[in-house]
Amino acid sequence: MARTLGNKTGFQHLLTRFTISRRPLQTLAYEELRHSADPEPYRATAFVLHGLLGSARNWRSFSRALLSNISNPSGWRLVLVDLRNHGRSAEIEGLNPPHDLVNAAQDLAHLIQTRGWAWPDVVLGHSMGGKVALQFAESCARGHYGGSAKLPKQLWVLDSVPGEVIRESSDGEVEKVLQTLQSLPSSIPSRKWLVDHMIELGFSKSLSEWIGTNLKKQGDHETWAFNLDGVVQMFKSYQEKSYWHLLEQPPKDMEIAVVRAENSDRWDPDVIQRLGSLANREGDGSEGRFSVYVLPKSGHWVHVDNPKGLLEIVAPRISSL
């Protein structure tokens, strides 16, 4: 899941273009972020992928800050994507099942091919979006997107466990939230009703209020801004998929960077140790690079809990391209 970093002033020189792809119908909705209203042609692109029950808008503020903190920002374009079943992509027809990580990554490739874009230089994904990014790289490396596809130079996996998510080792919060949402009527009387109901069921006020931000007005009631059944299927795929093999043998000329939030509850000690061992391994130059960063003073919501620290990790590496 993902939360939104509050908007800050000082970004008036940035331009966000909000675009929903309509032809063909199965193309994802997305937003483009550039440095100025009349930019020079961009030379590099970064894709930003949100987490479960999130949307592109969750990452607007951080993405603006990132664009302001990389060298030569006028040469960059950021594409903030609404993954299938989320945000404005939930309203688009043709994004057919199975709703899994393979198809979520395929959606990105189809968006690139349909728009005639160059393949992204950087893909940055948070939580479930991190695993979609890994799947995108894997499918690209295996030639699933055709001979013209190019691997990203950098892949950022933000507080997303790369292996299978074992239910016994988690507190089951996400499962409880999804089960609760499935038990609710499709039409919600009001946002206040939902928040009060979630609190009565034992969820925290902050989590309940954030769930409430996923409602949209429809007539005299509220309804979900996401496709709940599809989201549940995507979460199941997220739990089941493992990308350790990709971290152990990164494709040549690509860097995979995992950012682990210091106070995140998503990480088991053995997983942390395994990441450290991979990062410290000596390479022979025949493979890509793998690195691990620890984001201090942050829980799972990295772009909200410590956006400055996250920028200090990500911006210099992107600027190096």
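The values are calculated or read from the model by the stated rules, or taken from the named source; none is laboratory data. Note that the structure is predicted; figures quoted are calculated from it, not measured. Cβ placement follows ideal geometry from the backbone for every residue including glycine, while neighbour counts extend to all protein chains displayed. Only protein heavy atoms, including side chains, enter the accessible area calculation; ligands, DNA and RNA are left aside. Shrake-Rupley method; radii C 1.70, N 1.55, O 1.52, S 1.80 Å.
This table checks each residue for (1) farther than 28 Å from G299 by Cβ; (2) of a type in the set (A, V, I, L, M); (3) surrounded by 20 or more Cβ atoms within 10 Å (Cβ to Cβ).
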{"position": "L49", "(1), (2), (3)": "no, yes, yes"}
{"position": "A56", "(1), (2), (3)": "no, yes, yes"}
{"position": "W76", "(1), (2), (3)": "yes, no, yes"}
{"position": "G94", "(1), (2), (3)": "yes, no, no"}
{"position": "P97", "(1), (2), (3)": "yes, no, no"}
{"position": "L108", "(1), (2), (3)": "no, yes, yes"}
{"position": "V123", "(1), (2), (3)": "no, yes, yes"}
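I'm trying to understand the selection: among the residues of region 281-294, which are over 23 Å from Q239 (Cα atoms) and either surrounded by 12 or more Cβ atoms within 10 Å (Cβ to Cβ) or modelled with pLDDT of 95 or more (or both)? Break it down stepwise before answering.
So in region 281-294, the residues over 23 Å from Q239 (Cα atoms) come out as 281-289.
The answer is E287, G288, R289.
L101 fulfils the conditions (1) farther than 22 Å from Q233 by Cα; (2) modelled with pLDDT of 95 or more; (3) open to solvent by less than 10 Å² (accessible area, probe 1.4 Å) except for a single criterion, (1).
Of the listed requirements (1) among the aliphatic types (A, V, I, L, M); (2) open to solvent by less than 10 Å² (accessible area, probe 1.4 Å); (3) more than 21 Å from the chain's Cα centre (by Cα), L207 misses just one: (3).
Here G143 qualifies as closer than 17 Å to A104 by Cα and surrounded by fewer than 13 Cβ atoms within 10 Å (Cβ to Cβ). In a residue-by-residue description of region 300-307, the property of being surrounded by fewer than 17 Cβ atoms within 10 Å (Cβ to Cβ), at pLDDT 95 or above and not small (G, A, S) applies to no position. Across region 144-165, the number of residues qualifying as in a loop (DSSP other than H, G, I, E, B) and either charged (D, E, K, R) or in contact with a strand residue (DSSP E or B) (Cβ under 6 Å, 6 or more places away or on another chain) (or both) comes to 5. More than 18 Å from L111 (Cβ to Cβ), modelled with pLDDT under 95 and crowded, with 24+ Cβ neighbours inside 10 Å - does that describe any residue in region 33-40? No: region 33-40 contains no residue that is more than 18 Å from L111 (Cβ to Cβ), modelled with pLDDT under 95 and crowded, with 24+ Cβ neighbours inside 10 Å.
Only strands (runs of 3 or more DSSP E) wholly contained in region 210-269 count here; list those with 1 or more residues that are without any contact (Cβ under 8 Å) to a residue 12 or more places away in the chain and surrounded by fewer than 18 Cβ atoms within 10 Å (Cβ to Cβ). It would help to see each step written out before you state the result.
On the way: elements: 215-218, 221-224, 255-261.
Result: 215-218.
Of the numbered criteria (1) touching a residue at least 24 places away in the same chain (Cβ under 8 Å); (2) assigned to a helix (DSSP H, G or I), the one H197 fails is (1). Go through the residues of region 152-168 one by one and say whether even a single one is acidic (D, E) and either over 25 Å from L295 (Cα atoms) or surrounded by fewer than 19 Cβ atoms within 10 Å (Cβ to Cβ) (or both). Yes, region 152-168 contains at least one residue that is acidic (D, E) and either over 25 Å from L295 (Cα atoms) or surrounded by fewer than 19 Cβ atoms within 10 Å (Cβ to Cβ) (or both).
If I filter region 129-143 for residues that are free of Cβ contacts under 8 Å to residues at least 12 places away in the same chain and over 17 Å from the mean Cα position of the chain (by Cα), do I get at least one hit? Break it down into steps so the answer makes sense when it comes.
Here is the first cut: in region 129-143, the residues free of Cβ contacts under 8 Å to residues at least 12 places away in the same chain are 142-143.
Restricting the remaining residues to those that are over 17 Å from the mean Cα position of the chain (by Cα) gives 142-143.
Yes, that holds for at least one residue.
Restricting region 1-32 to residues that are among the small types (G, A, S) and modelled with pLDDT under 50 leaves a set whose member that is surrounded by the most Cβ atoms within 10 Å (Cβ to Cβ) is S21.
A count restricted to region 269-309 and to residues that are in contact with a strand residue (DSSP E or B) (Cβ under 6 Å, 6 or more places away or on another chain) and hydrophobic (A, V, I, L, M, F, W, C) stands at 8. Selection of region 111-143 for residues being within 20 Å of R77 (Cα to Cα), assigned to a helix (DSSP H, G or I) and charged (D, E, K, R) yields only R115.
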